[in-house]
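These notes concern the structure reproduced below.
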Amino acid sequence: MLRGMNLLEIEGLAKSYLDPEGRRQDVLRVESLAVGEGEQMALRGRSGSGKTTLLNLIAGLGLPDAGHIRIGGTEITTLSEAARDRFRARHLGYVFQTFNLLQGYTALENVVLGMAFGPGRDRSAAQGLLERLGLGDRLHYRPGQLSVGQQQRVAVARALANRPRLVLADEPTGNLDPTHAGEALELMRSMCTDAGAALLLVSHDEAVLERFDRCVDLSDINTARPATAEATR
């Protein structure tokens with residue numbers, strides 16, 4: 001059993017899928033993983049290693065076949081889908097690899113709308129976050145009018161808008177050039193530190209991974225060996 005001041009605790013996690021031929025393919029088998037309160041941890045994962053699946057399970061976007069995922073002492077695998085949605089909105093932030101911004105809404109509206117699923121919309125707080133991220137002059141720009149780096153900062157603001165205890169980041173700098181990737185990463189880490197949020201980031205970029213004091217290789221803790229890389233991400 002995992003113990004201590006852990007915010008996230010995973011035990012005996014297993015997930016599989018059916019391939020197009022109807023065969024069951026293992027994706028994840030993780031005996032244990034923990035992230036402490038306020039800790040910033042990187043998870044190394046090549047394409048097809050199951051890293052996105054792992055983050056999605058932690059976020060409650062799906063359920064494992066077996067195992068436990070506890071966040072702040074709450075066992076999320078026993079919650080209903082609606083309860084997982086509420087829990088995620090109140091306690092988790094997620095920076096998706098493709099950002100998942102709503103294209104028909106401005107930067108400010110994207111952050112405000114994200115707040116609606118948590119404690120409630122706070123336009124002033126959303127604007128303050130975007131201004132801290134250097135987007136004070138881009139509040140009313142839609143994603144298509146922003147650079148990739150600016151879109152990434154909007155995604156970070158949205159992820160932090162509800163003051164989450166844990167931020168998940170899936171290859172958050174994968175679409176940026178090395179210079180902007182480093183700047184964006186340090187900005188995200190400093191924002192998490194200021195908010196007191198733990199950060200679990202997955203990446204295959206060694207330049208990103210080497211910035212973290214704690215980096216775990218997913219291949220070391222995932223004993224599943226998918227037959228096809230297409231089964232996982």
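Key figures for this structure:
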| item | result |
| --- | --- |
| Looking only at region 148-197, and only at residues there that are closer than 17 Å to Val111 by Cβ and basic (Lys, Arg), the one that is surrounded by the most Cβ atoms within 10 Å (Cβ to Cβ) | Arg158 |
| Identity of the residue in region 69-102, assigned to a helix (DSSP H, G or I) and among the hydroxyl-bearing types (Ser, Thr, Tyr), that ends up nearest to the chain's Cα centre (by Cα) | Thr77 |
| The one condition in (1) assigned to a loop (DSSP other than H, G, I, E, B); (2) among the aliphatic types (A, V, I, L, M); (3) modelled with pLDDT under 95 that Leu63 fails to fulfil | (3) |
| Arg86 over 25 Å from Asn175 (Cα atoms), surrounded by fewer than 19 Cβ atoms within 10 Å (Cβ to Cβ), modelled with pLDDT under 95 and not aromatic (Phe, Trp, Tyr) | yes |
| Answer residue from region 213-232, given it is under 14 Å from Ser16 (Cβ atoms) and surrounded by 16 or more Cβ atoms within 10 Å (Cβ to Cβ) and is modelled with the lowest pLDDT among those | Ala231 |
| Residue list for region 123-145, restricted to those being part of a helix (DSSP H, G or I) and in contact with a helix residue (DSSP H, G or I) (Cβ under 8 Å, 6 or more places away or on another chain) | Arg123, Ala125, Ala126, Gln127, Leu129, Leu130, Arg132, Pro143 |
| Test result for Arg44, of a type in the set (Lys, Arg), touching a Leu at 6+ places or on another chain (Cβ under 7 Å), at pLDDT below 95 and under 29 Å from Glu210 (Cα atoms) | yes |
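The values are calculated or read from the model by the stated rules, or taken from the named source; none is laboratory data. Note that the coordinates shown come from a computational prediction; the quantities given were computed from them, not determined experimentally. Quick reminder, even Gly has a Cβ in these numbers, built from the backbone with ideal geometry, and neighbours come from all protein chains shown.
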